[in-house]
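Worksheet for the structure shown next.
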Amino acid sequence: EAGVAQSPRYKIIEKRQSVAFWCNPISGHATLYWYQQILGQGPKLLIQFQNNGVVDDSQLPKDRFSAERLKGVDSTLKIQPAKLEDSAVYLCASSPRRRSANEKLFFGSGTQLSVL
Amino acid sequence: GQQLNQSPQSMFIQEGEDVSMNCTSSSIFNTWLWYKQDPGEGPVLLIALYKAGELTSNGRLTAQFGITRKDSFLNISASIPSDVGIYFCAGESNFGNEKLTFGTGTRLTIIP
């Protein structure tokens, strides 16, 4: 079974530029998550999708971050404009259904963003 | 957002030694999870705990759900080189809420 695919693996941009990340979850997984992991910290949830609808985006900085999952499969996360403090690894994760305590969360390898 | 406090922040041990780490929170959680993250990869689930006081093993790993529901512990016995990585605890406060709060991580290094 293929895992969660993310691209690109690395991205270096200057502040105020725009950047987009792509995620393809495990086939058939209804729930998709974007996490931000700053160096030395644990992952922090940015947004959760159930199929193509947003379940939770309470921690997404909506003035600069946006995400979509138009067909309920793959997803893109965009930052516009980027700030220095956005430097982090952006992890995508998926789970089969609306996750309960018994469901496993599968993470991708992440996109490492450096904002200069 | 809230993050759970993990201790120690880093550990340097010799191969074959046992390892203990813990995770504490000011809030009660209904589920505790332990993940391992290798460099350049996403976290991978090691153990899930669903009941206060529960003790669960996965090979050389043993984790416990604290009786107060505000802490959890992970032990690794007879460490081997592939145990190197960062270990994260994660707590979930409500069944069906699905929002995990991750800890700050414990970095494990094995000294040759």
Among B:55, A:70, rank each residue by its count of other Cβ atoms within 10 Å, from fewest to most, as a rough exposure measure.
A:70, B:55
Local net charge near residue B:79, Cβ-Cβ under 13 Å (Lys/Arg +1, Asp/Glu -1)
-2
How large is the charge dipole for chain B, taken about the Cα centre, if only the Cβ atoms of Lys, Arg (+1) and Asp, Glu (-1) carry charge, to the nearest 20 debye?
320 debye
Taking a ≥ b ≥ c as the square roots of the eigenvalues of the Cα gyration tensor of the protein assembly as shown, is the shape rounded (a/c under 1.5), prolate (a/b larger than b/c) or oblate?
prolate
Would you work out the relative contact order for chain B, in percent, from Cα pairs under 8 angstrom that are 6 or more residues apart?
37 percent
Determine the dipole magnitude for chain A: charges of +1 sit on the beta-carbon of Lys and Arg, -1 on that of Asp and Glu, nothing else is charged, the reference point is the Cα centre, and the result goes in debye to the nearest 20.
60 debye
Rg/Rh ratio calculated on Cα atoms of the range B:21-112 (Kirkwood radius)
0.97
Using 32 Å as the Cα-Cα cut-off, could you pick out the over-long pairs in A:15/B:99; A:11/B:51; A:11/A:104; A:62/B:51?
A:11/B:51; A:62/B:51
FRET efficiency for residue B:18 and residue A:38, Cβ-Cβ distance as r, R0 = 35 Å, nearest 0.05?
0.70
Please report A:26, B:111 as a ranked list, fewest other C-beta atoms within 10 angstrom at the top and most at the bottom.
B:111, A:26
Compute, for the protein assembly as shown, the length of the dipole vector about the Cα centre, with Cβ point charges of +1 (Lys, Arg) and -1 (Asp, Glu) only. Units Debye, rounded to 20.
600 debye
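Each value in this text was obtained by applying a stated rule to the coordinates, not by laboratory testing. Keep in mind that this is a model prediction, so the values were computed, not measured. Positions of Cβ are backbone-derived with ideal geometry, glycine not excepted, and every protein chain shown enters the neighbour counts.
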